[in-house]
Amino acid sequence: MSRLQAPWLVALREIRERARARSFMISTGLIVLLAFGAVAAATILPDVFEDDPPVIAVVASELPDGVAGLLADGALGTEVTVRTSGSETEARRLLGAGAADAALFGGPTLAFRDETRPSIEALANQAIRLSSLPAVLERLDLTLDEAGPLINPEPLPVVLLNPAAPGLDDDVSDSDRAVATFAVVLLLMSLTLYGSWILNGVVEEKTSRVVEVLMGAMRPWQLLLGKVGGILALAVGQLAVGVLSAGVAMSALGTADLPEVGLEVGAAALVYVVLGLLLFSFVFAAAGATVSRQEEAQTVTMPISLTLVGIYMLSLTVVVNDADSTLSRVVSIFPLSSPLAMTPRIAVSDPPLWEIGLSIALLLVTIPAVINLAGRIYAGAILRTGPRIGLRDAWRSARETR
Amino acid sequence: MLELTGLEKRYGDVLALGGCTFRAQPGRMVGFLGPNGSGKTTAMRSVFGLVALDAGSVHWRGEPIRPEERARFGYMPEQRGLYPRMRVRDQAIYFARLHGLSSNEAATAADHWLERLGLTDRATARVEELSHGNQQRVQLIIALVHEADLLILDEPFSGLDPLGVAALGDVVREQAARGAAVVFSSHQLDLVEDLCDDIAVINGGRVVLDGALDSVRAASPSRYVHASVLADGQPVPWHAAIEGVELLWERGTEARMRVPTDTDPASLLAAAQAAGSVGFFRFEPPSLSDLFMEAVAEARP
């Protein structure tokens with residue numbers, strides 16, 4: 001029997017026994033629902049966040065030719081909805097009823113309800129002015145192309161000598177921010193959910209003492225590898241079901257044109273969730289090995305959970321709102337926090353490729369080191385029963401075993 | 001052959017093993033006996049590398065044990081260990097495969113053993129749904145399912161009713177007959193006497209008596225007399241005047257005593273007959289229980 005045969009069998013058992021369990025079916029169902037919900041939300045959210053274009057009630061018959069057309073075409077660079085009205089009375093009625101944000105009628109006069117809206121005012125003025133343009137050009141014997149630069153010159157380039165310190169990044173669209181937040185929540189949920197599977201699995205083997213029989217047939221590292229490998233395979237499978245459902249939902253909801261950031265963030269989230277799971281699952285396993293009772297399991301993983309929640313808060317507050325600050329860059333590159341923090345940063349900003357590469361490289365270096373450390377603590381603690389075993393104690397007894 | 005040589009292990013101030021040495025041979029059953037806390041479990045766990053020994057060696061066929069050889073061992077730990085929510089047959093197959101059987105072989109072996117121990121109708125039950133006795137059977141199946149070369153059974157029969165003990169005892173006996181080396185610990189000395197070829201008695205972390213049961217018996221410095229001698233319906237102290245006789249107990253009309261090996265049974269019987277009427281008179285080698293008491297008592301400071 002090769003050395004990897006035992007871990008393989010352990011992993012297979014883990015997958016088969018868990019996949020059969022009702023809790024797994026339920027959590028998979030929830031993930032499918034969540035994927036559909038997320039796609040639906042991503043479809044609807046931009047509409048929620050973006051203001052509807054202003055509505056102007058226009059009495060075209062009382063205004064110069066072309067005014068209504070200029071407004072309605074969006075020719076002035078701003079989208080407006082034009083509601084053509086038959087009379088000033090009707091336009092005023094629409095305005096009064098809130099069905100329009102402004103009314104434009106003979107005079108020409110622009111009416112608002114209780115306060116003016118400068119953007120609409122500017123638009124209306126421009127439309128009135130431009131409507132007279134064809135006649136003027138004809139008189140001057142100019143074509144529209146010749147007149148264009150005179151009427152609408154290239155804007156001057158603008159520079160800031162002392163740009164304001166970055167605060168709430170106004171360039172970040174609300175939908176990007178939503179995607180980032182959603183990604184962080186999902187990442188934290190995945191890490192804690194699958195982490196707790198591993199934790200409970202290890203503790204179960206200790207409390208039922210089946211580990212004693214298992215250790216008669218294999219070494220600790222083989223059991224650890226198989227256990228974590230099996231659960232991670234299930235986790236990745238479950239996440240794949242989620243991604244697949246999202247794909248199905250997209251085609252079902254006709255959302256082929258999801259914002260590009262969605263795909264980028266999705267890919268980043270997948271990479272980082274897998275790396276994050278690799279990093280944290282062995283830590284959860286080692287923590288589980290140091291306790292003998294299920295009740296102690298939550299206590300022993302408290303530091304890990306608190307760390308994760310801390311990074312989560314940091315990602316939601318600092319990274320999402322100020323993605324390129326020093327702190328955001330550090331937490332998105334540092335290997336313990338990058339699994340949670342880099343994805344939201346990619347969602348709201350455009351971190352340089354080398355920073356993403358560095359964070360992945362650091363994870364790839366850190367993961368084997370953590371596995372090594374966790375494996376040793378696991379080996380030193382897994383066969384010891386009774387009160388909770390200190391880390392140093394476990395470390396020492398690992399040196400003695402076998 | 002399994003050889004434990006000079007095993008030593010301390011847990012803090014507690015001495016678990018202090019030079020434990022004994023061997024187990026293929027085709028023979030060793031009854032591993034000792035008072036509570038004498039080091040039996042520690043010694044048995046050391047065979048599977050579950051104990052970091054302070055000194056001593058565990059050899060199989062003359063060599064330190066390699067993982068692939070260990071996979072050919074079967075182990076029933078004192079504290080039962082099974083996956084509570086896993087189904088019985090799946091569990092047997094899983095452990096068979098961990099011990100190197102192919103999936104077909106494992107399924108065949110699992111079905112055979114479920115049948116043999118009367119668990120076929122519980123094959124799809126979860127272990128936690130079984131009675132204590134049936135869980136015990138499953139635990140034994142886990143140790144047996146891969147036709148182990150060496151079986152280490154730590155109190156395999158504790159908590160079983162006499163029928164269960166007899167059934168499982170037969171099964172274990174068959175394993176030795178098939179050629180496996182079997183070591184099992186038990187406090188049920190009569191059972192060990194019925195089943196075992198060899199014994200090893202451990203006390204205070206050291207093996208104080210071991211060997212083939214017959215030769216250990218023969219080598220004992222004592223013989224035992226169990227008799228009922230009455231005069232006028234009352235037991236008489238016929239043995240009081242004989243040198244070397246040690247009274248162990250008197251109960252009703254019966255008495256049991258220990259005498260030196262070289263005592264002549266005929267002269268003893270003659271003394272009894274002279275004192276009264278002899279209801280019965282047995283002169284016998286020590287029972288396992290006697291041997292155990294002798295060994296443990298001698299070793300006690």
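The values are calculated or read from the model by the stated rules, or taken from the named source; none is laboratory data. This one's a predicted model, so the numbers in the text were calculated from it and none came from an experiment. Heads up, the Cβs are rebuilt from the backbone with ideal geometry, glycines too, and the neighbour counts pull from every protein chain shown.
Quick look at the values:
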item	result
Test result for residue B:81, more than 13 Å from every other protein chain (Cβ to nearest Cβ), touching a helix residue (DSSP H, G or I) at 6+ places or on another chain (Cβ under 9 Å) and under 24 Å from residue B:188 (Cα atoms)	no
The listed residue being surrounded by fewer than 18 Cβ atoms within 10 Å (Cβ to Cβ) and either over 27 Å from the mean Cα position of the chain (by Cα) or more than 14 Å from chain B (Cβ to nearest Cβ) (or both), out of A:322, A:350	A:350
Any hit, segment A:316-324, residues being in contact with a Lys or Arg (Cβ under 7 Å, 6 or more places away or on another chain), hydrophobic (A, V, I, L, M, F, W, C), assigned by TED's automatic domain parsing to the domain that holds residue A:185 and in a loop (DSSP other than H, G, I, E, B)	yes
Some residue of segment B:112-124 being of a type in the set (D, E, K, R) and either in contact with a Phe, Trp or Tyr (Cβ under 7 Å, 6 or more places away or on another chain) or within 13 Å of another protein chain (Cβ to nearest Cβ) (or both)	no
Yes/no for residue B:152 being assigned to a strand (DSSP E or B), within 14 Å of chain A (Cβ to nearest Cβ) and under 25 Å from residue A:208 (Cβ atoms)	yes
Count - residues of segment B:96-110 that are more than 15 Å from residue A:16 (Cβ to Cβ), more than 10 Å from chain A (Cβ to nearest Cβ) and over 27 Å from the mean Cα position of the chain (by Cα)	4
Residues of segment B:84-95 classified as closer than 24 Å to residue B:182 by Cα and at the interface with chain A (Cβ under 10 Å from one of its Cβ atoms), total	4
Identity of the residue in segment A:52-106, more than 42 Å from the chain's Cα centre (by Cα) and free of Cβ contacts under 8 Å to residues at least 12 places away in the same chain, that ends up nearest to residue A:133 (Cα to Cα)	A:89
Residue that is nearest to residue A:60 (Cα to Cα), among those in segment A:74-115 that are among the hydroxyl-bearing types (Ser, Thr, Tyr) and assigned to a loop (DSSP other than H, G, I, E, B)	A:85
Test: residue A:273 is under 17 Å from the mean Cα position of the chain (by Cα) and touching a residue at least 12 places away in the same chain (Cβ under 8 Å)	yes
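Residues are listed down the side, and each one gets a yes or a no for (1) among the β-branched types (Val, Ile, Thr); (2) part of a helix (DSSP H, G or I); (3) touching a residue at least 40 places away in the same chain (Cβ under 8 Å):
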| site | (1), (2), (3) |
| --- | --- |
| B:244 | no, no, no |
| B:247 | no, no, no |
| B:250 | no, no, no |
| B:263 | yes, no, yes |
| B:267 | no, yes, no |
| B:295 | no, yes, yes |
